[in-house]
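*Asks:* One structure follows; several queries about it will come next.
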Amino acid sequence: MLQFKGFRALAAGVIAAAFATVAVAQAPLKIGAINPYSGPLALYGDEVARGYQLAVDEKNAKGGVLGRKVELVRGDAGNPQQGIAAVDQLASRDNVDLFIGTYISAVSNAASDAAQRYNKIYWDTNAVAAELTERGLPNFIRVGPNASNFADMSVRAVIEQIAPALGKQPKDLTVWIEHEDSIYGKSIGDIQKKLLDSKGVKVLGQGAHNFRAADLTDVVLRVKKANPDVWLMTGYVPDGNLLHKTAREQGFKPPVILMVGTGDTNETLDAVGADYLEGAMVVSYPRPDISEKFGPGAAAYLAAYRKAFNREPVAPQGLTAYTGMRILLETIEAAGSTDVDKVRAAAAKLDKPLNTYPSGFGVKFDDKFQNTRAIFTVIQWQGGKQVTVFPPEARGPGVALKNVPRKQ
Amino acid sequence: MDSLLHVLVVGLLLGGIYGLVSLGLNLIFGVIRIVNFAHGELVMLAMYGAYVCYATLGLDPYVSVLIVVPALFVVGVLMHRLVLQPLHAESSMQIFATFGLLILFQNAVLALTRGEGYSVPSKLAATTFEVGDIRVTMSRLVIFVALTLAAIALHVFLKRTRIGKSIRAVTQDRQAARLMGINVERTFTITFGIGAALAGLAGALLAPIYTLSPGIGGNFILAAFAVVVLGGLGSVAGAYFGGMIVGLVEAFAGFYIDPELKQAIWFVIFLAVLVVRPTGLFGQAGAEDVGFREQT
């Protein structure tokens, strides 16, 4: 690196033009971006890719990486088979140097495996399934948070924020854990149960439901009967919306609802309405409204997003993707290469404290290459808007927790 | 005791949802002997139809019934005329064709909406009644009433009107009906249209309850097939009471046992009924065999 800079200093005068020619002649550094860009999952796939694009544009404006322009090549994948096909195509036809991808864990699983066969890095920014890093795949690095972080953050919010707001000690607090019944919801629910038990919080029940169920009145009646202080809810958008609507219809308004993963978009606002949602909280990806101190550059990201796409962010996943891409580009620079071993070695050396990046992340990989300084944050619905309320240092200026307990 | 009554009401109202979705499916199945795999997608199209009526004309979904139901009748007629009728000699191909339509409808809606979940608000649908501790939502009550009225109307239509009689005639014996001067193809097309219109009614009335997604039809269709088989092929009463049974089983199993197990429980009952009474609770003996008779 030093030699390179020295060379550039020497060259600055007379052969600047020649150097520029060399830089231009360098082939671009191609990154294959695996995401669903068509089909039912495309909404967030596109959003994740917008995050990547912003980070790449920003870097290219400063001269690219290792003297090469960065080029994003999209690989459309909504299921594991397509994930493998997209990797095959990007590796053989487009000659990408490495891969970055997606929020769908099953796709990440298959695509990273396929990328390993080409001996290329798969840099995971948004998939949350815990087992992805458990595979010990040598090319797999996850820079974003995982499912157990969902559970951790939800329990932290219950203990540190919700219990005091309700004026209760954790041991006097009652909680109902509800989750959808696939491995995603169940794994989060089980960790929540374990953590809450260890803090002495009373878990009144742990229920599971199918996210495609035509009716969830039975679930709501069970929770209503248990009458918890806090209703933890993990699932997808349709079942979350149906639970809210059914609870409203059944006249059930628990003092606190804390959702995990979904429920922080307008899809939920449109379905449930601002009135019933008022005061409900969601553990999700950090949003651009977090304080500058918590996520330095979050405001700049929002401004760049609005300028580039002429709209408001669709979902917060974009900010996490943007941060993930930024960390990747920095890692490649540090490694001086996209070679798997060199990138891994460079990644292993990264040590940045929390609140370094726009999403509030820091970087420190554990031995399974899971970033231990990737986090979720908690928003609260206030007047039909999503406002980041937890951790407290993430709150923007003038933001306070409201409506805990929720008005009946 | 209170919760027992409450769960009973919840189950009956849920049965209304299943019954309404099954009614059209059962008619098509019972008369034309086509397993219409795209039935759930017709319900889905109707839900989006209600959304379009709301988004463009500002209509309440209950008003949009006046547009959506005739529109779905036309969709059904076209489906039968353009896709299913040309395949009438090969009944297994017709089943594949309905499966193809399922994929087509889902993906067309997917392409148009990009998978974003839509909601169709209705002030009326959200109102609730309280009787003691029991709360009933207008949206579900409307469905229950609509199912009851639609079932009675369909029954009267099949018994009393000329078209209804011709539908029953072709159900019993296509060849004899043709010899009696009944236009079998036209009868089938009209039947398919009515079945689709009933899916339209279900979709428009279900729209305020759910978050719309292109795959939502699949949420009901498994239950609807169970209702059809449980209640009896081609029987209006079968769809009605079959829906109630599935709804009640689901509500009781979900509340008293475990919401995770409720589907498993009603499938056990479904299998038991199949073993003990293969025609379904209200089906005529032998009705399930008709489809395999020579029908040309």
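*Asks:* Using the crude model of +1 on Lys and Arg Cβ and -1 on Asp and Glu Cβ, and no other charge, please compute the dipole size for the stretch B:2-216 relative to its Cα centre, in debye to 20.
*Replies:* Approximately 800 debye in magnitude.
*Asks:* Using a 1.4 Å probe on the protein heavy atoms only, what accessible surface does A:ASP275 show? Give it in Å² to the nearest 10.
*Replies:* Looks like 130 Å² after rounding.
*Asks:* Would you kindly compute the Cα radius of gyration of the protein assembly as shown and its largest Cα-Cα separation (Dmax), both in Å?
*Replies:* Taking only Cα atoms of the protein assembly as shown, I get Rg and Dmax of 28.7, 101 Å.
*Asks:* Round to the nearest 10 and report in Å² the accessible area of A:TYR276, as given by a 1.4 Å probe over the protein chains' heavy atoms.
*Replies:* A:TYR276 exposes around 20 Å² with every protein chain in place.
*Asks:* In what sequence, highest mean first, do B:121-133, B:67-79 appear when ranked by Cβ atoms within 10 angstrom?
*Replies:* On the way: B:121-133: 13.4, B:67-79: 20.4.
Going from most to least packed, we get B:67-79, B:121-133.
*Asks:* Please list, in order along the stretch A:394-407, the HN-Hα scalar couplings obtained from phi with the Karplus expression 6.51 cos²θ - 1.76 cosθ + 1.60 (θ = phi - 60°), rounded to whole Hz, x for Gly and Pro.
*Replies:* 7, 5, x, x, x, 8, 9, 6, 10, 6, 10, x, 5, 5
*Asks:* Sticking with this structure for a sec: Would you work out which of B:SER64, B:MET93, B:SER119 lies farthest towards the positive end of the dipole of the stretch B:2-216? Charges go on Cβ: Lys and Arg +1, Asp and Glu -1.
*Replies:* B:MET93
*Asks:* Related question: Treating the beta-carbon of each Lys and Arg as +1 and of each Asp and Glu as -1, no other charges, what is the dipole magnitude of the protein assembly as shown about its Cα centre, to the nearest 20 debye?
*Replies:* That gives a dipole near 660 debye.
*Asks:* How well do other chains shield peptide B:107-120, expressed as the mean number of their Cβ atoms within 10 Å of each residue Cβ?
*Replies:* For peptide B:107-120, the averaged partner shielding equals 5.
*Asks:* Here's something else I'd like to know. Order the following by accessible area, largest value first: A:TRP123, A:TRP176. Probe radius 1.4 Å; ligands, DNA and RNA are ignored.
*Replies:* Values: A:TRP123 0, A:TRP176 20 Å².
Per-residue accessible area, sorted high to low, gives A:TRP176, A:TRP123.
*Asks:* Over both sides of the A-B contact, add up the buried accessible area with a 1.4 Å probe and give it to the nearest 100 Å².
*Replies:* Approximately 2900 Å², summed over both chains.
*Asks:* Compute and list, largest first, the equivalent-ellipsoid semi-axes of the stretch B:2-216 from the alpha carbon gyration tensor, each √(5λ) rounded to a whole angstrom.
*Replies:* Values: eigenvalues 200, 95, 41 Å².
Semi-axes from the Cα gyration tensor: 32, 22, 14 Å.
*Asks:* Follow-up question, since we're still on this one. If each of A:ASN95 and B:LEU149 carries a label point 7 Å out from its Cα toward its Cβ, how far apart are those two points in nm?
*Replies:* 6.9
*Asks:* Additional query: Return the average number of partner chain Cβ atoms within 10 angstrom of each residue Cβ along peptide B:207-218.
*Replies:* What the average comes to for B:207-218 is 4.
*Asks:* Using the structure shown, list the pairs from A:LYS69/A:LYS293; A:LYS62/A:LYS352; A:LYS193/A:LYS224; A:LYS186/A:LYS407; A:LYS171/A:LYS368; A:LYS352/A:LYS385 with a Cα-Cα distance above 24 Å, or answer none. Please list the in-between numbers first.
*Replies:* Values: A:LYS69/A:LYS293 31 Å; A:LYS62/A:LYS352 22 Å; A:LYS193/A:LYS224 19 Å; A:LYS186/A:LYS407 30 Å; A:LYS171/A:LYS368 35 Å; A:LYS352/A:LYS385 32 Å.
Long pairs (Cα-Cα over 24 Å): A:LYS69/A:LYS293; A:LYS186/A:LYS407; A:LYS171/A:LYS368; A:LYS352/A:LYS385.
*Asks:* Continuing with this model, one more query. Based on the mean of other Cβ atoms within 10 Å per residue, sort peptides B:85-98, A:289-302, A:30-43 so the most packed one is first. Before the final figure, lay out each step's value.
*Replies:* Working: B:85-98: 14.9, A:289-302: 19.5, A:30-43: 22.8.
Answer by packing, highest mean first, reads A:30-43, A:289-302, B:85-98.
*Asks:* Express the carbon and sulfur contribution to the solvent-accessible surface of the protein assembly as shown as a percent, rounded to the nearest whole number, probe 1.4 angstrom.
*Replies:* 61
*Asks:* Right, next: How many partner chain Cβ atoms sit within 10 Å of a residue's Cβ in peptide A:240-246, on average, as a whole number?
*Replies:* Numbers: counts 1, 5, 3, 0, 0, 9, 3.
Going residue by residue through A:240-246 and averaging, the value is 3.
*Asks:* Counting only heavy atoms of protein chains, what accessible area per residue, in Å², does the stretch B:2-216 have with a probe of 1.4 Å?
*Replies:* For the stretch B:2-216, the solvent-accessible area averages 42 Å² per residue.
*Asks:* Based on Cα positions only, what radius of gyration and what Dmax would you give for chain A, in angstroms?
*Replies:* Computed over the Cα atoms of chain A, radius of gyration and Dmax are 22.4, 81 Å.
*Asks:* Let me ask something else about it. Regarding the stretch B:58-166, what's the average projected area of the Cα-atom convex hull, expressed in nm²?
*Replies:* 10.8
*Asks:* Roughly how tilted is helix A:147-157, in degrees to the nearest 10 and between 0 and 90, from the longest Cα axis of chain A?
*Replies:* So the inclination is approximately 50 degrees.
*Asks:* Further question: Helix B:217-231 versus the longest principal axis of chain B: what is the Cα-based angle in degrees, 0 to 90, to the nearest 10?
*Replies:* For helix B:217-231, the angle is close to 70 degrees.
*Asks:* Ordering B:ARG162, A:ARG93, A:ARG50 by how much accessible area each has at a 1.4 Å probe, largest first, what is the list?
*Replies:* B:ARG162, A:ARG93, A:ARG50
*Asks:* Excluding same-chain residues fewer than 8 positions from B:LYS165, which aspartates and glutamates have a Cα within less than 16 Å of its Cα?
*Replies:* Here the aspartates and glutamates satisfying the reach criterion relative to B:LYS165 are B:ASP173, B:GLU185.
The values are calculated or read from the model by the stated rules, or taken from the named source; none is laboratory data. The structure displayed is predicted, hence computed values, not measured ones. Backbone-built Cβ (ideal geometry, glycine too); neighbour counts: all protein chains shown. Keep in mind that these areas ignore ligands, DNA and RNA; they rest on the heavy atoms of the full protein, side chains included. Shrake-Rupley method; radii C 1.70, N 1.55, O 1.52, S 1.80 Å.
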